[in-house]
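These notes are about the structure you will find just below.
The values are calculated or read from the model by the stated rules, or taken from the named source; none is laboratory data. This is a predicted model, so every value here is computed, not measured. All Cβ positions, even for glycine, are placed from backbone atoms using ideal geometry, and neighbour counts span all protein chains on display.
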């Protein structure tokens, strides 16, 4: 369980998050929604120890994350970022190997059989086993994103954070990635926390949704209870029709 | 290594082959450079003079030409590796210790020291290191705005570099020495002592570069991705930059600033060998040594008996190459 208590964050004088309180439950999929600049990605970066909050605490299974070393933390929480760079000639497998760095020394160049097991599993889960010798530069957008998810999976963590994992992908790859995330949660029991832009994907794949507006939590709860025309208008500042399709809310973003 | 797949066999093979070819080229060039120059000898005379009996001509060559060849090789290795490391830590293929002012900083402090305390000759590389590292911190902090903008590093570096080179000239001329020779690196008038000094710095730097090669590969990912893998990126970058500055300090203290080599050699290496630093480190090192010795040898013979400094040869050949790089954009391949 991840507990966020009275979290404040500012970039210099620019306040980004004020007094955030939330709980990310173990074994669930939680999605953060919010307009551009609302502070949702910032929150994710603080939760993953990429940024440091000015005040407040974050407890990962009762342990304050500021007391966990970066390396130990990387064995508990993995993160897939929105923008990913890698040398074009790096192979998929070499990239996924990097996911074992928390368990090895950065100055070492080889992996033993024990570590290789996790790499193979990550490749299999993301359907990349066949492509493991391909160079990153030759992959499609969706394959590429899967490779970075595989790297995160190789870290063998209980928590996986994803920052807008579908932003640069077309709809087919978006759904592919979302289904992969769902599979990781259901089959592997990985707790998911992600930031999404697509409200419908958030509703379809999440157990809990947190809506952030200007650094404040506007709402949090199950999709059915929090996604309404009123909340959407408050969150994004636009009137959009919300209707129900097969028991789930849909937002017509036109 | 415990035999587990590390580098793909094919790539490792190309890497080894490339390094062997470079080594062979260096050997050929070294023998050519020994022979060429104002004093003509045959290889037999050279061999006899070195190992069999005293020969005046060979002694002169031993005392003048040999140190120069070794300094060119070690200096080329150092500069090339320094460029490779800077390019890795700044995620910028245009990062050259000359362009971003590190060499300028090193030249400034070493000139200052040799002008004010000429007796501390042996320690000049240490002062060069201090100057180079201070400059690195200055450029890094000036260019940092939440993240490293590659363009800002170059812009800030060019300005800092210009100021430092200017200051070095001022110090050199005030001390009534030929400041120009410190700024524009030339390899004439080198002695065995220079070789000793440079060897120490080069060995530390080369070992450091080899140790950090796998880490340089990881730095090709986004900083936040590296951090997510449990690695303290800032500390890592700091460690590698110390090695890079050591590499550039030694050669700058001994011969002055030599531009472009640190830019060109790693770039050619990447074009030929790809992005794996475990291959790039040895290959760019050899390529750097080869190019600087080539430039120095060309400079020695092209207008004999006059000499053109290796730095000038490097600039004349390197300048157009640099423009070509700029036109190709900042692909970090």
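Does residue A:60 fit the bill of being crowded, with 18+ Cβ neighbours inside 10 Å, within 24 Å of the chain's Cα centre (by Cα) and outside the structural domain of residue A:132 (by TED's automatic domain parsing)? Taking the combined requirement at face value, the residue satisfies it.
Identify the residue in the range B:162-186 that is part of a loop (DSSP other than H, G, I, E, B), modelled with pLDDT under 65 and out of contact with any strand residue (DSSP E or B) (no Cβ under 7 Å at 6 or more places or on another chain) and, among all such residues, is surrounded by the most Cβ atoms within 10 Å (Cβ to Cβ). Among those residues, the one meeting the criterion is B:186. Of A:101, A:43, all but one fail to be within 11 Å of another protein chain (Cβ to nearest Cβ) and outside any strand (DSSP E or B); the exception is A:101. Residue B:230 meets each of the listed conditions (1) within 14 Å of chain A (Cβ to nearest Cβ); (2) assigned to a helix (DSSP H, G or I); (3) free of Cβ contacts under 8 Å to residues at least 12 places away in the same chain apart from (2). As a summary of the residue check, residue A:243 satisfies the conditions (1) within 20 Å of the chain's Cα centre (by Cα); (2) exposed (fewer than 15 other Cβ atoms within 10 Å of the Cβ); (3) assigned to a strand (DSSP E or B) except for the one numbered (1). Being touching a helix residue (DSSP H, G or I) at 6+ places or on another chain (Cβ under 7 Å) and away from chain B (no Cβ under 14 Å) is true of residue A:31. Taken over the range A:67-93, residues that are more than 8 Å from chain B (Cβ to nearest Cβ) and modelled with pLDDT under 90 amount to 1. Can you find a residue in the range B:273-284 that is away from every other protein chain (no Cβ under 14 Å), crowded, with 24+ Cβ neighbours inside 10 Å and either in contact with a helix residue (DSSP H, G or I) (Cβ under 6 Å, 6 or more places away or on another chain) or within 26 Å of residue B:91 (Cβ to Cβ) (or both)? There is at least one residue in the range B:273-284 that is away from every other protein chain (no Cβ under 14 Å), crowded, with 24+ Cβ neighbours inside 10 Å and either in contact with a helix residue (DSSP H, G or I) (Cβ under 6 Å, 6 or more places away or on another chain) or within 26 Å of residue B:91 (Cβ to Cβ) (or both). Being in contact with a strand residue (DSSP E or B) (Cβ under 7 Å, 6 or more places away or on another chain) and either in a helix (DSSP H, G or I) or touching a residue at least 40 places away in the same chain (Cβ under 8 Å) (or both) is the filter here; which residues of the range A:52-67 pass it? Selection gives A:53, A:54, A:55, A:56, A:57, A:58, A:59, A:60, A:65. Checked against (1) at the interface with chain B (Cβ under 9 Å from one of its Cβ atoms); (2) farther than 21 Å from residue A:163 by Cβ, residue A:49 meets all criteria but (2).
When every residue of the range B:289-303 is checked against the conditions, none turns out to be over 11 Å from the mean Cα position of the chain (by Cα) and within 14 Å of chain A (Cβ to nearest Cβ).
Restricting attention to the range B:204-222, the residues being more than 9 Å from every other protein chain (Cβ to nearest Cβ) and either in contact with a strand residue (DSSP E or B) (Cβ under 6 Å, 6 or more places away or on another chain) or in a helix (DSSP H, G or I) (or both) number 8.
Considering A:95, A:70, the condition of being in contact with a helix residue (DSSP H, G or I) (Cβ under 9 Å, 6 or more places away or on another chain) and surrounded by fewer than 22 Cβ atoms within 10 Å (Cβ to Cβ) is satisfied by A:70 alone. Taking the criterion of being outside any loop (DSSP other than H, G, I, E, B) and either within 14 Å of chain A (Cβ to nearest Cβ) or within 19 Å of residue B:164 (Cβ to Cβ) (or both), the residues of the range B:252-266 that qualify are B:252, B:253, B:254, B:255, B:257, B:261, B:262, B:263, B:266.
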